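The next block holds one structure in the form of structure tokens; read it before the comments.
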There are 2 protein chains.
Amino acid sequence: MYRNTKNVPFYILGKGSFAQLGDLVDARRAAVAGPAVFFVDHFFRGRELEGRLPKKDGDLVLFVDTTNEPTTEQIDDFAAATRAHDNRLPCTVVAIGGGATLDVGKAVANMLTNPGQAADYQGWDLVKNPAPHKIGVPTLSGTGAECSRTCVLLNAKRGIKLGMNSDITMYDQLLLDPELTRTVPRDQYFYTGMDTYMHCIESLRGSYRNVIVDALAQKAVDMCEEIFLSDDMMAEENLEKMMIASYLGGMSAGNVGVIHPISAGLSVVLHTHHGIANCYALSVLGEFYPEDYPKYARMIERQGVNLPKGLCANLSDDQLKALVASSVVHEKPLTNALGPDFRKILTDEKVISLFKAM
Amino acid sequence: MYRNTKNVPFYILGKGSFAQLGDLVDARRAAVAGPAVFFVDHFFRGRELEGRLPKKDGDLVLFVDTTNEPTTEQIDDFAAATRAHDNRLPCTVVAIGGGATLDVGKAVANMLTNPGQAADYQGWDLVKNPAPHKIGVPTLSGTGAECSRTCVLLNAKRGIKLGMNSDITMYDQLLLDPELTRTVPRDQYFYTGMDTYMHCIESLRGSYRNVIVDALAQKAVDMCEEIFLSDDMMAEENLEKMMIASYLGGMSAGNVGVIHPISAGLSVVLHTHHGIANCYALSVLGEFYPEDYPKYARMIERQGVNLPKGLCANLSDDQLKALVASSVVHEKPLTNALGPDFRKILTDEKVISLFKAM
């Protein structure tokens with residue numbers, strides 16, 4: 001049995017296309033009676049973009065504090081706030097931001113039509129009822145959240161970082177305006193762009209493969225290398241190119257390898273953001289990615305980005321233990337990369353030595 | 001204003017995935033009361049595939065004679081036959097075949113919910129009412145018909161070859177089983193595969209561009225070169241690769257150049273099939289495609305495929321005039337390739353000399 005793969009049904013791409021958001025939202029207002037609900041990265045509070053939101057009376061704007069990665073509790077709170085604002089379902093949920101904000105939009109929408117709490121839906125195909133219409137507007141390129149079927153959430157109680165993997169989680173419409181990424185700090189632009197590079201090389205080097213995923217992933221990898229080996233990763237044409245690489249990488253996203261589990265450990269235990277956590281992970285995984293690690297090293301050097309050493313230098317034994325546990329729990333990706341006996345390679349000692357080398 | 005681009009919402013990909021067609025159709029039966037209607041390339045009549053159709057009582061199977069390219073009259077006849085069989089709308093329209101059959105499925109579905117005749121809808125965004133659900137099952141790779149928003153039809157009265165360009169025309173579901181292409185005659189496999197190569201190089205060399213289309217088109221071109229410069233274009237792994245190249249090329253299809261208009265002339269006047277007509281066109285267009293023509297020449301030689309010379313050697317003046325008219329009528333692609341003054345380059349004499357060189 002092969003999986004029936006869903007694509008994001010619609011996308012608009014182009015410099016300045018943010019101006020078309022109003023038309024997209026109005027089309028939804030014409031179709032459904034509820035309000036438009038906007039989730040906006042708190043970075044934009046008080047900035048020019050806030051004034052350009054196509055907001056009307058009765059709509060709701062919620063800012064998403066992305067200082068830390070989204071949690072299941074945060075989703076439950078946002079869902080409650082949305083319901084309290086208007087008991088009708090939104091005509092559309094619009095998320096404007098990086099991967100964290102895009103994932104919040106997906107997760108909250110799921111919770112508006114599915115009973116219980118966000119934590120109940122972390123896993124594969126647990127979401128049952130269709131969500132309200134959703135529009136994704138990335139302002140940062142690389143996570144692939146705009147077209148993936150997951151929304152990754154931290155769950156402190158269970159000590160895991162896991163998404164609501166479901167076709168229902170996907171956006172119905174994307175608006176891809178490269179101009180929105182122009183103001184991203186350079187380091188963050190690099191770390192996040194590298195997320196595309198990393199989930200694609202993990203997919204390409206793994207054992208769970210198919211030709212279409214390989215084709216999209218390889219194209220995204222090639223584009224990342226062009227961007228990050230060029231003189232300026234944030235040059236005009238690269239902003240657009242990176243937005244597409246993220247989109248293609250997200251479409252191909254499926255099976256990651258060793259990088260994402262190690263990265264997830266950092267996020268769960270140290271609250272390290274996903275993009276930079278991936279960079280820390282690959283920085284010590286050269287033995288598993290012998291072709292790709294040297295390219296990554298050239299890219300980070302070329303762009304003059306700094307990854308401070310010593311992230312895990314002064315951790316307690318309990319913290320190191322927690323790092324191991326929240327990494328090796330990701331059996332599917334680690335099996336994809338290293339086979340079912342991955343724990344013979346990734347012993348506790350080995351994993352601890354990797355973290356200590358960061 | 002940027003266009004809102006639609007993707008094919010769902011696809012299943014894999015060797016042997018044809019066995020899942022029954023599940024897809026059953027899901028539609030559960031949703032909608034009407035019959036399943038199958039359009040099947042007449043090549044499969046009496047063959048093993050016919051016996052594997054997930055047909056139930058009340059369903060309709062119509063074989064599509066693809067000796068010639070589909071015409072508007074043929075679509076009207078099929079639509080009438082479908083309505084006569086059952087006055088309810090089909091729960092799904094399944095098309096199984098090459099580009100011609102896939103286009104028939106799209107066009108007939110449009111005519112089941114839109115009044116008038118097929119010829120009324122040749123053009124851009126003329127189809128107004130949503131069509132019944134459609135499943136596309138390609139048995140030949142290269143046209144991109146499985147994921148394009150058009151269905152190309154010959155219209156003898158108007159002397160044109162033009163599709164119903166509309167999001168509504170697109171398939172709702174694809175089933176991509178590379179095994180179905182194994183029995184395609186070698187020459188046809190080559191000509192049809194080259195369709196992907198050609199519409200992608202036309203897009204890449206044109207002036208109407210965008211980064212996402214370029215990325216997909218370039219990937220499809222690269223895959224075609226791998227396939228057709230390998231020892232055997234029909235080796236196991238190449239069947240799957242070509243199916244993906246066609247899919248990616250179809251997703252990127254937008255703006256063609258000089259090849260397709262010249263090819264369309266051959267189809268309108270001489271009823272030459274699209275794939276081989278494209279090959280004839282590129283065979284005389286080296287001056288416009290200086291990078292790509294030599295690669296094409298290497299590919300056709302490597303695969304030992306024959307393109308008999310002298311296609312237009314003995315035509316009447318009227319036929320030559322008709323060839324010119326039905327080529328230069330395609331202003332949009334010719335402007336894309338050569339600019340608005342394309343007729344200064346493609347004079348009547350020049351176009352006639354191209355046809356005579358085939």
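The values are calculated or read from the model by the stated rules, or taken from the named source; none is laboratory data. On a predicted model such as this, the values are computed, not experimentally measured, just so you know. Please note: Cβ atoms are built from the backbone with ideal geometry, for glycine as well, and neighbour counts cover all protein chains shown. Protein only, heavy atoms only, side chains kept; ligands, DNA and RNA dropped before computing areas. Shrake-Rupley method; radii C 1.70, N 1.55, O 1.52, S 1.80 Å.
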Open item on the list: For the list (1) open to solvent by less than 40 Å² (accessible area, probe 1.4 Å); (2) within 14 Å of chain B (Cβ to nearest Cβ), I need the number of the one condition that A:Ala19 fails.
Closed with: (1)
Task: Pairs where the first residue, in segment B:45-59, is within 12 Å of B:Ala19 (Cα to Cα) and the second is among the charged types (D, E, K, R) and outside any loop (DSSP other than H, G, I, E, B), C-beta under 9 Å, 6+ apart - done: B:Pro54/B:Asp23; B:Pro54/B:Asp26
- [ ] Would you point out which residue out of B:Gly34, B:Gly46 is part of a loop (DSSP other than H, G, I, E, B), more than 14 Å from chain A (Cβ to nearest Cβ) and open to solvent by 20 Å² or more (accessible area, probe 1.4 Å)?
- [x] B:Gly46
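Select, from B:Gly257, B:Gly249, the only residue that is within 14 Å of another protein chain (Cβ to nearest Cβ) and in contact with a Ser or Thr (Cβ under 8 Å, 6 or more places away or on another chain).
B:Gly249
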Open item on the list: Step by step: first the residues of segment B:244-261, then only those that are surrounded by 24 or more Cβ atoms within 10 Å (Cβ to Cβ) and of a type in the set (S, T, N, Q), then the one that is nearest to B:Glu301 (Cα to Cα). Which residue is that?
Closed with: B:Ser246
Task: Number of the exception - B:Phe228 against (1) within 14 Å of chain A (Cβ to nearest Cβ); (2) of a type in the set (A, V, I, L, M, F, W, C); (3) open to solvent by less than 10 Å² (accessible area, probe 1.4 Å) - done: (1)
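Just to be sure, is A:Phe44 more than 18 Å from the chain's Cα centre (by Cα), under 21 Å from A:Leu153 (Cα atoms) and in the same structural domain as A:Asp172 (by TED's automatic domain parsing)?
For A:Phe44, the condition - more than 18 Å from the chain's Cα centre (by Cα), under 21 Å from A:Leu153 (Cα atoms) and in the same structural domain as A:Asp172 (by TED's automatic domain parsing) - is not met.
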Open item on the list: Which numbered condition in (1) within 22 Å of B:Val328 (Cα to Cα); (2) touching a Gly at 6+ places or on another chain (Cβ under 9 Å); (3) modelled with pLDDT of 95 or more is the only one that B:Asp177 fails?
Closed with: (1)
Task: Residue among A:Ala118, A:Ala107, A:Ala156, A:Ala95 that is more than 18 Å from B:Asn7 (Cβ to Cβ) and open to solvent by 20 Å² or more (accessible area, probe 1.4 Å) - done: A:Ala156
Task: Test result for B:Leu174, farther than 21 Å from A:Thr5 by Cα and touching an Asp or Glu at 6+ places or on another chain (Cβ under 6 Å) - done: no
- [ ] Return a yes/no flag: does segment B:314-322 have any residue that is under 22 Å from the mean Cα position of the chain (by Cα) and surrounded by fewer than 20 Cβ atoms within 10 Å (Cβ to Cβ).
- [x] no
TODO: Return only the number of the condition from (1) among the polar types (S, T, N, Q); (2) modelled with pLDDT under 95; (3) more than 29 Å from A:Gln303 (Cβ to Cβ) that A:Thr183 does not satisfy.
DONE: (3)
TODO: Pairs only if they're at least six apart or on different chains, beta carbon under 6 angstrom, first in segment A:6-22 and in a helix (DSSP H, G or I), second open to solvent by 20 Å² or more (accessible area, probe 1.4 Å) and of a type outside the set (Phe, Trp, Tyr); list them, first residue then second.
DONE: A:Leu21/A:Pro54; A:Gly22/A:Pro54
Open item on the list: For A:Lys55, only one of the following conditions fails: (1) away from chain B (no Cβ under 14 Å); (2) within 23 Å of A:Met243 (Cβ to Cβ). What is its number?
Closed with: (2)
Open item on the list: From the list B:Leu162, B:Leu102, exactly one residue is within 16 Å of the chain's Cα centre (by Cα) and open to solvent by 30 Å² or more (accessible area, probe 1.4 Å). Which is it?
Closed with: B:Leu162
Open item on the list: If I ask for residues that are of a type in the set (A, V, I, L, M), touching a residue at least 60 places away in the same chain (Cβ under 8 Å) and over 14 Å from A:Glu301 (Cα atoms), which ones from segment A:222-243 would you list?
Closed with: A:Leu239, A:Met242, A:Met243
- [ ] Could you grab me the full set of residues in segment A:64-74 that are open to solvent by less than 40 Å² (accessible area, probe 1.4 Å) and farther than 13 Å from A:Leu154 by Cα?
- [x] A:Val64
Open item on the list: For segment B:195-225, give me each residue that is more than 14 Å from chain A (Cβ to nearest Cβ) and surrounded by fewer than 24 Cβ atoms within 10 Å (Cβ to Cβ).
Closed with: B:Arg205, B:Gly206, B:Ser207
- [ ] Please identify the pairs in which a residue from segment B:170-181 that is more than 10 Å from chain A (Cβ to nearest Cβ) has its Cβ atom under 7 Å from the Cβ atom of a residue that is acidic (Asp, Glu), counting only partners at least 6 apart or on another chain.
- [x] B:Tyr171/B:Glu146
